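Heads up, the thing below is written out as structure tokens.
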Amino acid sequence: MSGRCSTSCNRRGGVGRRNREEIFGRCSRSYALLATIYWDSSVDCFKRHLRVEALVDSLAQVISRVMPRRVMLDLTTTLLCIGILRAQDTVSIVYQPASGNYLIRYASDGRFDSTTFVPATKIEPVVRCRVATKGLRGPYTYLYTVSLHPSSHQCLCSFAVSHSAPLQSAGKPNSGWRMREVNGAGAWRWLNSRKDTSGLWTPTTDLVPGGSLSGISLTSQGLPAIVNSYSAGNAPRLMFGEEPPFMVNQFLDSVNAFPNNTVTRCTIGPNNPPLPFRPSAFLDTLISYTTRSLSLGWIIGQPTADKYINFFRTSRASLERADVLGAVNILRDVISSANADSGSSLTSEAYALIRYNTEYLVSRLQEKR
């Protein structure tokens, strides 16, 4: 999300890859790869941060021809460590509490350059979700509305929802939004940007502070569960005159790794039913959903929460007595109460959690009868 420039450094007269491969050709593949990486890194550190490129290139070429492989690996390891220590002296990243930004200063061509990293968290998102379905066991369509409080200082740049169940489809507000799965994160993400004339993805301003946006959806067989959403604001793009030191890149990669640099809010999303399925344990999950919904403001008032908790506990007691019919009848009362309370003492999130999970439990219990 930083949008930083990736201008390559000019490495004049460096040690060629072909020469390095010849040097390490008789080593094992893993040993050669490790040594090559160390050699590249150490040479780059000294060229960049000590600014003696010609001398380092000459030494690198001589050493690579005459030095035994194992000694060379030990030396390059030492050089890399020294280079990193030297880089620490030429890079400064300071958090500024007053603005919430980070001032980045680094050495470049014998002078210090500076730039400011603005986090994408200067927003106050409000996330609402309602669930629609055409059958007792889905599929379920999760319809999200995202609003930005007027106190937000940025427009919305991206929005994501975590999920553990496979998705059947997803919807986006308009053609200006892209969407994709976040690799390895178990989340689906929508990004609000278009390519500018230079070919870079530039955030647009579909959702400004004080506004709201709908049309974001997920469809899945997964049951409603309490999950996290992740919102990011439209932060200014970082620009560098040349490729910044590796420590700056390391900082930017770390702070921008999902879900860092986002604002987290609870919402509901698709979750796989537990396997193996145990009705008593599932009732405990429903009690947990009720308790958390109260704390999140999705259930209005302690008496309403207590009513549903008592329903679930009584149903569980019936199951412990092997009275499946009695448990099912109580759960049907839960569904009737949820329908009556929807929109008054239950928000759309609490209603979906209680109703659709209870319906699923009833259908599973009826299978056992």
Legend entry - Flag for GLY241 being touching a strand residue (DSSP E or B) at 6+ places or on another chain (Cβ under 7 Å), surrounded by fewer than 18 Cβ atoms within 10 Å (Cβ to Cβ) and either of a type in the set (Asp, Glu) or farther than 29 Å from PRO139 by Cβ (or both): yes
Inset, instruction - Could you check, for the stretch 246-256, whether at least one of its residues is closer than 30 Å to ASN357 by Cβ, touching a strand residue (DSSP E or B) at 6+ places or on another chain (Cβ under 8 Å) and not in a loop (DSSP other than H, G, I, E, B)? - result: no
Legend entry - Answer from LEU238, LEU207 - the residue that is in a loop (DSSP other than H, G, I, E, B), within 19 Å of LEU148 (Cβ to Cβ) and at pLDDT below 90: LEU207
Inset, instruction - All but one of (1) closer than 25 Å to PHE277 by Cα; (2) free of Cβ contacts under 8 Å to residues at least 40 places away in the same chain hold for GLU349, so report the exception by its number. - result: (2)
Inset, instruction - Scan the stretch 92-150 for residues that are free of Cβ contacts under 8 Å to residues at least 60 places away in the same chain, more than 30 Å from PRO173 (Cβ to Cβ) and either among the aliphatic types (A, V, I, L, M) or buried (at least 19 other Cβ atoms within 10 Å of the Cβ) (or both) and jot them down. - result: VAL94, ALA98, LEU103
Inset, instruction - Could you please let me know if SER348 is of a type outside the set (Asp, Glu), surrounded by 16 or more Cβ atoms within 10 Å (Cβ to Cβ) and under 22 Å from THR145 (Cβ atoms)? - result: yes
Inset, instruction - Kindly indicate the residue of the stretch 95-124 that is assigned to a loop (DSSP other than H, G, I, E, B) and among the hydroxyl-bearing types (Ser, Thr, Tyr) and also modelled with the highest pLDDT among those meeting that condition. - result: THR121
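The values are calculated or read from the model by the stated rules, or taken from the named source; none is laboratory data. Small disclaimer: the values here were computed from a predicted structure and weren't measured. Neighbour counts run over all protein chains shown; Cβ positions are idealised from the backbone, glycine included.
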